[in-house]
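The values are calculated or read from the model by the stated rules, or taken from the named source; none is laboratory data. None of these values were measured; they are calculated from a predicted model. All Cβ positions, glycine included, derive from the backbone under ideal geometry; neighbour counts span all protein chains shown. Surface areas here come from the heavy atoms of the whole protein model, side chains and all, with no ligands, DNA or RNA. Shrake-Rupley method; radii C 1.70, N 1.55, O 1.52, S 1.80 Å.
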Amino acid sequence: MKPLRPLAALLQRLVDKIDPHEGRYRMLFERSPLPMWVVDTQTLRFLAVNDAALRLYEYSRDEFLAITALDMRHPEDDAPFRDFLSRQGSAVHYGVFRQLKKTGEPIDIDGVGHFVAWRGRPARLVQINDITERLRTQQTLEQLNRELELSHERLRALSRRLFEVQEEERRRLARDLHDDVGQALTALKIQLESVARAGGEAAARTRVDECVDTV
């Protein structure tokens with residue numbers, strides 16, 4: 001916890017300087033590329049919001065300060081989001097939540113909450129990292145991996161079926177050779193033997209013609 005103390009002190013100085021219209025800490029808050037806001041841990045009303053948060057959630061500053069943090073929560077994350085905002089203590093809290101923009105469009109955020117004091121009242125300074133696209137990309141990759149694995153399984157099944165068909169075809173050809181060709185060769189053997197026993201040229205010619213027909 002010791003390494004967090006300088007950071008906590010800096011954040012508290014930052015919060016102390018947000019309300020006045022001048023001060024370098026206010027500029028750090030307002031110009032931060034990361035969306036940031038301060039919320040009252042008891043009423044959950046917004047006390048301050050920076051420009052990046054206005055762009056992300058698409059509210060005006062007056063609209064932002066007129067609502068509570070619960071107005072932008074996604075119903076699925078109600079309980080954990082309430083706990084993240086209202087939890088007391090000096091520890092840093094982290095959480096991944098789904099929220100709603102002013103338009104109702106859902107976004108996924110990775111929040112880091114710092115406990116601070118706002119004019120003597122407990123508050124939480126929250127830094128927001130929009131991870132919507134990252135999660136969508138991750139979900140797309142996972143879906144593609146599942147589809148690829150399914151394709152591999154289908155290919156393996158097709159290969160097994162092809163092998164089975166080939167084996168069935170080999171067995172069928174073996175039966176055909178045994179039943180049809182084998183019988184024909186046996187008949188041809190008998191006919192050729194009869195040629196040798198034929199008594200005359202005419203009889204031999206007849207036997208040869210029968211052999212040709214068999215072939």
Check your understanding: Each residue of segment 165-177 in order: what ³J(HN,Hα) in whole Hz does its phi give by Karplus 6.51 cos²θ - 1.76 cosθ + 1.60, θ = phi - 60°, with x for Gly and Pro?
Key -> 5, 4, 5, 5, 5, 4, 5, 5, 4, 4, 5, 4, 4
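Over segment 30-92, with the other protein chains present, what is the accessible area per residue in square angstrom, probe 1.4 angstrom? Walk me through the numbers before you get to the answer.
Numbers: 3000 Å² over 63 residues.
Dividing the accessible area of segment 30-92 by its residue count gives 48 Å².
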Check your understanding: Between E147 and D78, how many nm apart are label points set 7 Å from Cα along the C-beta direction?
Key -> 3.6 nm
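Just the accessible area per residue of segment 125-215, please: how many Å² with a 1.4 Å probe?
Values: 7300 Å² over 91 residues.
Per-residue accessible area for segment 125-215 comes out at 80 Å².
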Check your understanding: Stretch D110-Q42 to full length: gain in nm at 0.36 nm per residue minus the Cα-Cα span?
Key -> 22.3 nm
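Within the accessible area of segment 59-215, what % is carbon and sulfur when the probe is 1.4 Å and the other protein chains stay in place?
On the way: 5830 of 10580 Å².
Looking at segment 59-215 in its full context, I get 55 percent from C and S.
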Check your understanding: For segment 121-139, list residues with backbone N below 17 Å from a point placed 7 Å from the Cα of K102 toward its Cβ?
Key -> none
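Work out, step by step, the length gained on full extension between T214 and E58: first 0.36 nm times the residue separation, then minus their alpha carbon distance; give nm to one decimal. Mind showing how you got there, number by number?
Details: separation 156, 0.36 × 156 = 56.16 nm, distance 9.05 nm.
Going from the current span to full extension adds 47.1 nm.
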